[in-house]
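Everything below concerns the one structure shown next.
The values are calculated or read from the model by the stated rules, or taken from the named source; none is laboratory data. This structure is a prediction, so every number in the text was calculated from the model and none was measured. Neighbour counts run over all protein chains shown; Cβ positions are idealised from the backbone, glycine included.
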Amino acid sequence: MESPLLQIKDLHKSYGSLEVLKGIDFSVSKGEKVAVIGPSGSGKSTCLRCVNFLEKPSRGHIILDGERVGVKPGSDRLMSDAELAPQRAQMGMVFQLFYLWPHLTVLENVSIGLRKVQGVPSNEASEIAMDMLEKVHLGNKANTFPGLLSGGQQQRVAIARALAQRPKLLLFDEPTSALDPELVGEVLNVIQELADEGRTMLLVTHEINFARDIADRVIFMDGGVVVEEGPARELITNPQAERTRVFLSKIEK
Amino acid sequence: MIEFLEVYVKYGSQWFPRMADAALVSASLAFAGFIVAFAIGLMLSIFQRSPLRLLRFVATIYVVVFRGIPLLAILFLLYFGLPGIGVTMSAFTASAVGLGLSFGAQMAEVFRAGLEAIHRGQREAAIAVGMTPLQAFRFVTLPQAVRIISPSMLVTFIVLLKDSSLCALITVNELMLEGRALATEYFLPLNIFVAIGVFYFLIAWPLSLLARTMDARIRAKQTRTL
Ligand SMILES: Nc1ncnc2c1ncn2[C@@H]1O[C@H](COP(=O)(O)OP(=O)(O)OP(=O)(O)O)[C@@H](O)[C@H]1O
Ligand SMILES: [Mg+2]
């Protein structure tokens, strides 16, 4: 059997004496969509941020496409941020608060990574960026500045920016939870379309219904551990663990 | 009052061209000093954010030391002191370097404030698309910081311009020195130094207006992005 695209093995993370992740293990196969759910403070964001080493794990392995992330091959030495850059470029990340760059136009926000990281010539980079903007239905906003866009539009630009990396894996950290309710739909629709294209996704979300519809598998985290994981529909409609049941019943209210 | 102004009608054609020339020297001196201060300040602010403790230490020491030494002491040291160990510079060069060294420390603080005003998610997003820390700084953090801090940089420039008058004491023929020369020639120090003051003001005032407009524009443009 083909080995999974992403493997997380025995992942630990502490901030000082606070142990936030207490040994996380799971993997994501190519083309699979995995949703991570769980109460606030359970370590979902931390786990996601450890995948691309925005946080340095205290212990454990992250393996992307057979290659250990953040650690020099053949040694145990951690990579510097500069050394990590090519690995990070293989993973697109979408943040809760978008973090578009306000001094660049929408098109530049999407194309700058292509130009500066991937070394794509300027014209070609703009063309690819434009395609990505079309994908998130914002081709007409290419030359405006992000500050003039609604939250939903900003998040779609952020998604286009991640897509422009031509990533092996997309990481979403609660992409809709900073949005006004009426803007959530447009972002979820875009994510749904990407899912339909067969992209590999790891998605932290509070939108349980969305997780059930879009994900192949759901992981329920609490207190820094994976409490339960399973096929999306099954886990959400018929959770096995008591903690999962309590969490889901609170959310459904 | 009338008599006071009549002096300018009488001597203006002799004074003003010389003052204007000297004002140009003052402005170029301030500009040269500012460039040096900018470079030093930028370097220090990069050091301050470095993961290497040694660089952070160097930056801290620099700021502490150069904030503690009066500009005049630095100027004297460079112009009168260094020749003692075989390093000679023209008065203008020594002044530009001295102003730069001294204001570099202030500029570092200006940069620091600007960099801290930028949400850390900005840099994270850059790192996440695969930029190196240097690229993230160059393409994401720095351009935003420069926008945020340009009003305070202009204000720093104005202070630097005014302090460049001290360079008269190491014989740079800028406005103050020209003023003193004129005062000994014409025995009209009150008129002459008032005029010198006006020249400084004429350079500084438009700049401070510009700083205020820029500040207002930046405030108005506070966008909803983080
Ligand atoms: N940089 C940090 N320093 C110290 N503690 C941190 C840091 N980042 C996160 N934590 C702590 O780690 C724990 C897990 O945080 P995390 O953000 O991963 O939770 P989460 O599951 O994403 O929660 P939410 O649903 O609210 O986003 C929390 O207790 C948080 O306070
Ligand atoms: Mg979170």
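Descriptive notes on the structure:
- Considering the stretch A:23-59, and only residues there that are surrounded by fewer than 19 Cβ atoms within 10 Å (Cβ to Cβ) and either within 20 Å of A:VAL71 (Cα to Cα) or within 14 Å of chain B (Cβ to nearest Cβ) (or both), the residue that is nearest to ligand 2 (Cβ to nearest atom) turns out to be A:GLU55.
- Test: A:LEU84 is under 28 Å from A:LEU183 (Cα atoms) and within 9 Å of chain B (Cβ to nearest Cβ): no
- Residue within the stretch B:99-111 that is within 14 Å of chain A (Cβ to nearest Cβ), of a type in the set (Gly, Ala, Ser) and within 22 Å of B:LEU52 (Cα to Cα) present: no
- Selection within the stretch A:25-49 - closer than 18 Å to A:LYS250 by Cβ and of a type in the set (Ser, Thr, Tyr): A:SER40, A:SER42
- B:ILE35 being at pLDDT 95 or above and either of a type outside the set (Val, Ile, Thr) or surrounded by 19 or more Cβ atoms within 10 Å (Cβ to Cβ) (or both): no
- Residue check, A:LYS9 more than 14 Å from ligand 1 (Cβ to nearest atom), touching a helix residue (DSSP H, G or I) at 6+ places or on another chain (Cβ under 7 Å) and more than 14 Å from chain B (Cβ to nearest Cβ): no
- For A:GLY185, the conditions (1) touching a Gly at 6+ places or on another chain (Cβ under 9 Å); (2) within 14 Å of chain B (Cβ to nearest Cβ); (3) on the phi < 0 side of the Ramachandran plot are fulfilled apart from (2).
- Wholly enclosed helices (runs of 4 or more DSSP H) of the stretch B:81-143 bearing at least 2 residues modelled with pLDDT of 95 or more, within 22 Å of B:SER26 (Cβ to Cβ) and not basic (Lys, Arg): B:91-116
- Selection over the stretch A:211-220 of residues that are more than 16 Å from A:PHE247 (Cα to Cα) and either touching a strand residue (DSSP E or B) at 6+ places or on another chain (Cβ under 9 Å) or buried (at least 23 other Cβ atoms within 10 Å of the Cβ) (or both) gives a count of 4.
- Qualifying residue in the stretch A:103-124 (condition: over 22 Å from B:ARG123 (Cα atoms), of a type in the set (Asp, Glu) and part of a helix (DSSP H, G or I)): yes
- A:LEU104 of a type in the set (A, V, I, L, M, F, W, C) and within 25 Å of B:ALA145 (Cβ to Cβ): yes
- Of residues in the stretch A:107-149 being more than 14 Å from chain B (Cβ to nearest Cβ) and among the hydrophobic types (A, V, I, L, M, F, W, C), the one surrounded by the fewest Cβ atoms within 10 Å (Cβ to Cβ): A:MET130
- When we screen A:VAL226, A:VAL218 for residues that are within 15 Å of ligand 1 (Cβ to nearest atom), in contact (Cβ under 8 Å) with a residue 60 or more places away in the chain and closer than 21 Å to A:VAL184 by Cα, the only hit is A:VAL218.
- Helices (runs of 4 or more DSSP H) wholly inside the stretch A:145-215 containing at least 2 residues that are farther than 30 Å from A:GLY66 by Cα, more than 13 Å from the chain's Cα centre (by Cα) and of a type in the set (Gly, Ala, Ser): A:151-164
- A search for C-beta distances below 7 Å between a residue of the stretch A:83-100 that is modelled with pLDDT under 95 and any residue that is not in a loop (DSSP other than H, G, I, E, B), counting only pairs 6+ apart in sequence or on different chains, returns nothing.
- Failed item, numbered, when A:ASP173 is tested on (1) charged (D, E, K, R); (2) away from ligand 2 (no atom under 16 Å from the Cβ); (3) in contact with a Ser or Thr (Cβ under 7 Å, 6 or more places away or on another chain): (2)
- Residue check for B:ALA195: at pLDDT 90 or above, surrounded by 15 or more Cβ atoms within 10 Å (Cβ to Cβ), over 30 Å from A:GLN118 (Cβ atoms) and of a type in the set (Gly, Ala, Ser): yes
- Extreme residue, surrounded by the most Cβ atoms within 10 Å (Cβ to Cβ), among residues of the stretch B:125-156 that are within 11 Å of chain A (Cβ to nearest Cβ) and of a type in the set (Val, Ile, Thr): B:VAL129
- Evaluation of A:GLY16 against (1) touching a strand residue (DSSP E or B) at 6+ places or on another chain (Cβ under 9 Å); (2) more than 16 Å from ligand 2 (Cβ to nearest atom) (one fails), failing number: (1)
- Checking every residue in the stretch A:77-88 against the condition of being touching a helix residue (DSSP H, G or I) at 6+ places or on another chain (Cβ under 6 Å), polar (S, T, N, Q) and in a helix (DSSP H, G or I) gives zero matches.
- Subset of the stretch A:1-44 that is within 15 Å of the chain's Cα centre (by Cα) and without any contact (Cβ under 8 Å) to a residue 60 or more places away in the chain - its residue that is farthest from A:ARG245 (Cα to Cα): A:GLN7
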